[in-house]
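Structure, as structure tokens:
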Amino acid sequence: MNKKLFLGMFAAAGMLFATSCSNDELDVVQSGNEAQVTFSLAAEGGIATRAISDGTGAKKLVYAVYNASGELIETIANTDVNGQIVDNSAFDNGLTENVTITLAKGQQYTVAFWAQNPNCTAYTTTDLKNVTIDYAGLNNDETRDAFFKAETFTVTGNTEIDVVLKRPFAQINVGVYQTDWDAAKASGIEIEKSKVTIENAATSINLLTGEVGGEQTVEYGFDIIPAQFATPETLDVDLDKDGTKENYVYLSMSYILANDETTGYAKTALEDLDFTFAPISGNNINFSEGLNAVPVQRNWRTNIIGKILTGDVTFNITIDPIYDGEYNNGEAQPVNINGVYYATIQDAVNNVNDGDVIKVATGTYTEVVKVASGKNFTLEAAGPNVVIAALDHQSNGTPSTVKVKGITFDNSITLAGWFTGTAQNIAPCVGAWGGNLTFEDCTFIVAGTSGRETGVMTWWTTENNVMSLSFNNCTFEGENDHANARAMQIYGYVNMEVSNCTFNTNKDYTLKYVANEGNIATFSNNIVNNSENFVELGSSVYPGSNYTANIINNTLGNGVNTHIIANNENQNVNLNGNVSVIAEGVVKDANGNYIASSNEGITNAISDGATTINLIQGNYVIPSSAQGKTLTIIGTGTPEDVKVAVTKVGSGGENCDYGLDGSTVTFESITITTNSSTYIGYARCNGTYKNCVINGTYTLYGDSKFERCTFNVSGDVYNIWTWGAKNMEFDRCTFNSDGKALLLYQEGTNTVNLTVKSCIFNDNGGLTSKKAAIEIGDAPYGATPTYNVTVSGTTVNGYEINNEGFNTGTTLWGNKNSMPAERLNVTIDGVNVY
């Protein structure tokens, strides 16, 4: 099932449940500037014959948004007193729902989701970091079924993210053979109700981390067994492993939080279980013999099946196919295809059909999984921490198509070498001769020891057996500080794409690519650390010829080169948009442009000698390292993307920000924000502002020029105080205020020049005092400044003729202190009016 998260003007919409109990997924959609994430949820691929545990009762949806520090954001629209959004009638159209949230772009968030039956009162969800369970109640209560997921992401633009929503619970079931039921019934015993006592259940769960807490003995009271429901249920389990589920009489169903004392995902064992079955008439039947060390696990369904009602007590323990795995007589069956379980991944691969998805439960598998014979399937992690030794693809002229999702490959657990490439009997994480392999959200851990230096290796096939490789959002690590490990060695007729991956291996190169006529490899949007060269092209020992490598938009760690030609094989190399990390928070692109992503990055760029600094989307405060510098600070082109807060930085008087004290700075496409307090602005800063937005009162302390800027304030405050500036120019700017916009004022005897060209002043109303758009105030304490004001081509919407001081008769400018004409010169559209 697919759940998609599109990043953009953050519309969070909907949730997706599978009607089978196993893999319930979540769709999310995001796009835009601030960011709208849409979570679209709908059901698909369920078990049509099931009514119990089908997820259809989960109509109550609770979700909340947390920042990168795990703190609840309580200001999201439509949240309740707990900072959550709660919908008690979600999924009215079946199993489909859309909801919308708006968030800031460029920030990391975690959205926690919880879905349950609205009639269930067993869960307290007012704090999703501490959802508590009330176990008081009856057995066989399907309304206790619930689902959760916490998804962490950074809103960067239009992006799709797959999310899986699953149960936090283990489900424990009891069933008997039909012959056992019939024999008991023939003797006058027909079971009507059941109850259970379960020790050591957890009582709370943190949805952000999955961790559980607390401990309690659970006693679910007598209630009707599933086999006696109005629509009778059967317990369907493939106990004999023949690929077909057998039907057993369903006597008991219970949900608990498995208490594994770790993250909540690991297997644990229940030491004491006690079931009691009550017949319509006759004495109760107790079942507890042999029920010790019963395995349970989150989103696994433990089935206890046997001859319980008559004669000797015999039982088998399994995990139902609709969950992540099963146990048969205590033996794990952790791999499933459409509800049929296998003991090993290889068993599943051997039995897979085209289009099937093999789901592997949490655990470590020392298998080298071999794929051959033209198969077409997906290999997918059904839970966290699924670790496999290796994947081996041998096409033998019939290449397979395999998609791998969420798996960790670790070649240090491989028992022996198995692949022939640059040498015999080596042990990569993935080895292939031909085929079409795709890896998403996978991790490759490379041992870096002899024969285990490489994560992925391919070898030469015939020209008509071209191989396709794709890696997206994968991570390549090396053991022991990544030393002696490389990510890939790709030889052969191979086309490949590697995108959004992180490489930390530390051998001489990260990956080698040697291909042949017409083959193309594209490496884009990756993060590369540690190695000397990202891509090594060519081999004198195993040469190729006439292939293309596109290396674009990658972020290279300090000292990492984009590529090296190890052997000239007429390669075509295209480089574009790659950047190198200079220091924490700052990179440099191929054209020498500095790009900072944090305040520390600004400091590090300045330390490296940068005079022009580009800022990526985010929030910044200019650090004091910028004092006394000549700088150009450039945003993304959209002012709303980059916000610079003017605050109290450095030491000095008044309410100034001393981060740019004594500096000459050009701001381009930046939003500057202030708290509109008195004197707030950059001390002794000469500034040029191009295509900027200034939110809040901004006080000038040096010569300033504004081109195509927008000023926004609300309340009884000005957009601009000129204060310490002697020369100011506003060209094609827009001022939005509640009734006063620009105050020309200086204490001292200086000559001050103000030029306003082709500007628009908009009065939103709300002030009781009467102010013109441009107010001119004389200096106090006997000081005698001279003001030269030149205005042309300017539009005034609203404002008032100031009734204080000299009456200018216009809403454009006011002389509130009646400055004399010998110290005030005002020219409007070429005419000297004062």
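The values are calculated or read from the model by the stated rules, or taken from the named source; none is laboratory data. None of the values given here were measured: they were computed from a predicted structure. No Cβ is skipped: glycine too gets one built from the backbone with ideal geometry, and neighbour counts run over all protein chains shown.
Annotations for the structure displayed:
- Subset of segment 406-424 (residues that are surrounded by 17 or more Cβ atoms within 10 Å (Cβ to Cβ) and under 34 Å from the mean Cα position of the chain (by Cα)): GLY406, ILE407, THR408, PHE409, ASP410, ASN411, ILE413, THR414
- Among the residues of segment 176-202, the ones that are crowded, with 18+ Cβ neighbours inside 10 Å, under 46 Å from the mean Cα position of the chain (by Cα) and among the hydroxyl-bearing types (Ser, Thr, Tyr) come to 1 in all.
- Filter result for ALA487 (out of contact with any helix residue (DSSP H, G or I) (no Cβ under 9 Å at 6 or more places or on another chain) and in a loop (DSSP other than H, G, I, E, B)): no
- Residue among ASP778, ASP829 that alone is at pLDDT 95 or above, touching a Ser or Thr at 6+ places or on another chain (Cβ under 9 Å) and not aromatic (Phe, Trp, Tyr): ASP829
- The condition (being among the β-branched types (Val, Ile, Thr) and over 30 Å from ALA170 (Cα atoms)) is satisfied by just one residue among THR378, THR408, THR398, THR364: THR398.
- Yes/no for THR443 being surrounded by fewer than 16 Cβ atoms within 10 Å (Cβ to Cβ) and assigned by TED's automatic domain parsing to the domain that holds ASN526: no
- Spans of strands (runs of 3 or more DSSP E) in segment 338-419 with at least 1 residues touching a residue at least 60 places away in the same chain (Cβ under 8 Å), farther than 30 Å from TYR491 by Cβ and among the hydroxyl-bearing types (Ser, Thr, Tyr): 340-342
- Criterion: part of a loop (DSSP other than H, G, I, E, B) and out of contact with any Lys or Arg (no Cβ under 8 Å at 6 or more places or on another chain) - qualifying residue of ASN558, ASN604: ASN558
- Any hit, segment 812-828, residues being within 56 Å of the chain's Cα centre (by Cα), within 18 Å of ALA741 (Cα to Cα) and surrounded by fewer than 15 Cβ atoms within 10 Å (Cβ to Cβ): no
- Criterion: within 30 Å of ALA483 (Cα to Cα) and surrounded by fewer than 19 Cβ atoms within 10 Å (Cβ to Cβ) - qualifying residue of ILE595, ILE582, ILE552, ILE616: ILE552
- Residues satisfying the stated conditions in segment 519-541, i.e. of a type in the set (A, V, I, L, M, F, W, C) and either part of a loop (DSSP other than H, G, I, E, B) or surrounded by fewer than 17 Cβ atoms within 10 Å (Cβ to Cβ) (or both): ILE520, ILE527, VAL541
- Of the residues making up segment 671-684, those that are in a loop (DSSP other than H, G, I, E, B), touching a Gly at 6+ places or on another chain (Cβ under 8 Å) and buried (at least 23 other Cβ atoms within 10 Å of the Cβ) number 1.
- Looking across segment 68-81 at every residue that is surrounded by 14 or more Cβ atoms within 10 Å (Cβ to Cβ) and part of a loop (DSSP other than H, G, I, E, B), the one that is farthest from the chain's Cα centre (by Cα) is identified as THR79.
- Candidates VAL587, VAL581 - the one that is more than 24 Å from TRP459 (Cα to Cα), in contact with a Gly (Cβ under 8 Å, 6 or more places away or on another chain) and modelled with pLDDT under 95: VAL581
- Exactly one residue among GLY290, GLY311, GLY282 is on the phi > 0 side of the Ramachandran plot and either in a strand (DSSP E or B) or modelled with pLDDT of 80 or more (or both), and that residue is GLY282.
- Whichever residue in segment 508-518 is buried (at least 23 other Cβ atoms within 10 Å of the Cβ) and either out of contact with any Leu (no Cβ under 8 Å at 6 or more places or on another chain) or not assigned by TED's automatic domain parsing to the domain that holds THR462 (or both) and, among such residues, is nearest to GLN571 (Cα to Cα): ALA515
Per-residue answers, yes or no, for (1) over 25 Å from the mean Cα position of the chain (by Cα); (2) closer than 22 Å to CYS474 by Cα:
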site: SER540; (1), (2): yes, no
site: ASN546; (1), (2): yes, no
site: VAL560; (1), (2): yes, yes
site: ILE564; (1), (2): yes, no
site: VAL581; (1), (2): no, yes
site: ASN591; (1), (2): yes, no
site: ASN599; (1), (2): no, no
site: GLN617; (1), (2): no, no
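- Conditions (1) modelled with pLDDT of 95 or more; (2) under 28 Å from GLY448 (Cβ atoms); number of the one not met by THR555: (1)
- The set of residues in segment 614-628 being in contact with a strand residue (DSSP E or B) (Cβ under 8 Å, 6 or more places away or on another chain) and either under 20 Å from CYS709 (Cα atoms) or in a loop (DSSP other than H, G, I, E, B) (or both) consists of ASN614, LEU615, ILE616, GLN617, GLY618, ASN619, TYR620, VAL621, ILE622.
- Within the set GLY687, GLY659, GLY715, the sole residue that is part of a strand (DSSP E or B) and either surrounded by 22 or more Cβ atoms within 10 Å (Cβ to Cβ) or out of contact with any Leu (no Cβ under 7 Å at 6 or more places or on another chain) (or both) turns out to be GLY687.
- Test: residue in segment 319-339 that is closer than 28 Å to TYR250 by Cβ, surrounded by fewer than 20 Cβ atoms within 10 Å (Cβ to Cβ), within 35 Å of the chain's Cα centre (by Cα) and modelled with pLDDT under 75: yes
Conditions (1) outside the structural domain of LEU700 (by TED's automatic domain parsing); (2) farther than 20 Å from ASP829 by Cα; (3) not aliphatic (A, V, I, L, M), marked per residue:
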position: VAL717; (1), (2), (3): no, yes, no
position: ALA725; (1), (2), (3): no, yes, no
position: ASP731; (1), (2), (3): no, no, yes
position: PHE735; (1), (2), (3): no, no, yes
position: LEU744; (1), (2), (3): no, no, no
position: ASN753; (1), (2), (3): no, no, yes
position: ASN762; (1), (2), (3): no, no, yes
position: THR768; (1), (2), (3): no, yes, yes
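- Checking VAL368, VAL456 one by one, the residue that is under 33 Å from the mean Cα position of the chain (by Cα), buried (at least 24 other Cβ atoms within 10 Å of the Cβ), modelled with pLDDT of 95 or more and not polar (S, T, N, Q) is VAL456 and no other.
- Scanning segment 474-507 for residues that are over 19 Å from LEU437 (Cα atoms) and polar (S, T, N, Q) yields a total of 5.
- Here the strands (runs of 3 or more DSSP E) wholly within segment 720-822 that include at least 2 residues being touching a Phe, Trp or Tyr at 6+ places or on another chain (Cβ under 8 Å) are 727-731, 734-737, 742-745, 751-757, 760-763, 774-777, 786-792, 795-797.
- Subset of segment 191-246 that is part of a strand (DSSP E or B) and polar (S, T, N, Q) - its residue that is nearest to SER69 (Cα to Cα): SER204
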